[in-house]
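Laboratory data are not the source of any read-out in this text; all were calculated from the coordinates shown. Being a predicted model, the structure only gives us computed values, none of them experimental. Cβ: placed from backbone, ideal geometry, glycine included. Neighbour counts: every protein chain shown.
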Amino acid sequence: MSPEIEHLIALQRTDREIQRLKAEIAELPKRVATIEQQLAGTKSVLEKAKLAVKADEAARRKYETAITDLRQKISKYRHQSLEVKTNEQYKALLHEIQFAEQEITANEDKILELMVNAEVREKEVKAAEAELKEETADIEKEKKIAHDRTAADEKELAEWSAKRQAARAAIDPDLLRHYERVSKFRGSGLAEVREQKCNGCSVFLRPQTYNEVRGGKMIYCDSCQRILFYDPSKEVPAEAQVERTTKRRSHPKLDASQAWYYRPDYGDFGEVFLSFSNSEGSAHRRVYDAASGRRLGDILVREGGYRQVFPEDLSDTIRLNGNWSESELEDWGDELPSFVLDALQRDLDLARAETAAHHAKEVSAPSTVAS
């Protein structure tokens, strides 16, 4: 392995560590913010519970005041009944007394109901206070953890940044510019060649290119433009790889309502994964970058089945396994999860190995007949 490649490997390692540390530093405040948001919700619950208690206390005082006023009226009516001179006046005062007594009973019932509710309110307040206390302690712990972790990450980030400068200084300027340009768009500028393919984009190399990379020549991948390098200690014999992968691959059903395809050259986008799904008489098409999993363009919908309405997209493709639902695709939004992208890449590797195995059999068949 040439010194230039070793320096590039060191640079890519530092770039990935720097990216990881920056992502972690950016994520820690978000985690604290999420807890603080939850804490605000608990505070709101506690405040509502306390307001409900105050409202019940105010209502109880109102009913108690009403009862006092009614009892004063009853005392007044009874005193007046001793002075009336006619039965009609006496009956009228008795009616007022009965009505006041009924009002007292109704207010007493409401007070009793509030007293029962007060027990529930008190439990709600105590539960909210306990939860708030616990969450406040948790957030203080998280803040300290985030502060300590951020300080450690920033220190480590400074160390890796210094290593990055040292690695950059040891690389040819033209080569460095190419590496950084590809890294900006592909996420990495260097890719290992293993089992005769670029591990960055999973495209098989031409035999001559493969041999040149193995010989130590500086080569760029024709597909993804990453700088290629070869590590002989990790190479698996091609025959063993073909035999291993072809036995494991299952073939996708042709009549499935959803289908995935790989296309090595899709307009200006290069390598892509195409997702098609049939639903309620319409076909949906999504296009994803094969390296990053990011969706390219908008979702295209046409009436009919995808084979009939998207024939221009199905040429020069490799059919892949994939059975994720339309709702899952909607949930994922603009980028495929890493486990989906990895599954598609693995199945693409198996499909290519399978094709290579069939081709090897076809090539060897004439010589077998001749012998």
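Taking the C-alpha atoms only, the angle from helix 87-169 to the longest principal axis of the chain is near 20 degrees. Here P(r) over Cα pairs in 20 Å bins from 0, in percent was computed from the coordinates, and among (1) 28, 55, 17, 0; (2) 24, 44, 29, 3; (3) 18, 32, 22, 13, 10, 5, 1, 0 the match is (3).
All C-alpha pair distances within the stretch 3-167, sorted into 5 Å bins from zero, spread as 1, 8, 10, 8, 7, 7, 6, 6, 6, 5, 5, 4, 4, 4, 3, 3, 3, 2, 2, 2, 1, 1, 1, 0, 0 percent across the bins.
Under 18 Å of direct C-alpha separation, and excluding same-chain neighbours fewer than eight residues apart, K141 reaches these lysines: K30, K133.
Please identify, among F339, F229, F310, the residue showing maximal mean-square fluctuation in a Gaussian network model of the chain using a 10 angstrom Cα cutoff. Taking springs between Cα atoms under 10 Å, the residue moving most is F339. Over the chain, Cα pairs under 8 Å with separation of 6+ residues give a relative contact order of 14 percent. About its Cα centre, the chain has a charge dipole of approximately 320 debye under the convention of +1 per Lys or Arg Cβ and -1 per Asp or Glu Cβ, with nothing else charged. Taking 1.002 mPa s as the viscosity and 20 °C as the temperature, the Stokes-Einstein diffusion coefficient of the stretch 173-235 based on its alpha-carbon Kirkwood radius rounds to 185 µm²/s. Annotation: lysines with alpha-carbon distance below 29 angstrom to K197 (same-chain offsets under eight excluded): K184, K217, K234, K247, K253, K361. Each listed q (0.19, 0.21, 0.26, 0.31 Å⁻¹) maps to a log10 I(q)/I(0) for the stretch 251-291 from the Debye sum over equal C-alpha point scatterers, namely -0.60, -0.69, -0.88, -1.01. Roughly speaking, what % of Cα-Cα pairs in the stretch 253-370 are separated by over 23 Å, rounded to a whole number? Value for the stretch 253-370 (Cα pairs over 23 Å): 33 percent. Separation of the stretch 105-140 from the stretch 159-232 is 65 Å, based on Cα centroids. Residue separation of E140 and S325 scaled by 0.36 nm, minus their Cα-Cα distance, works out to 62.5 nm of gained length. The stretch 66-95 and the stretch 45-61 have Cα centres separated by 37 Å. Helix content alone sets the calculated 222 nm mean residue ellipticity of the chain: runs of n ≥ 4 DSSP H residues at -39500 (n - 2.57) each, divided across all residues, give -23500 deg cm²/dmol. The C-alpha atoms of the chain define a longest principal axis, and helix 173-186 lies at about 50 degrees to it.
V32 label point, 7 Å along Cα→Cβ, cut-off 17 Å on backbone N: hits in the stretch 154-180? Label zone hits: 154-155.
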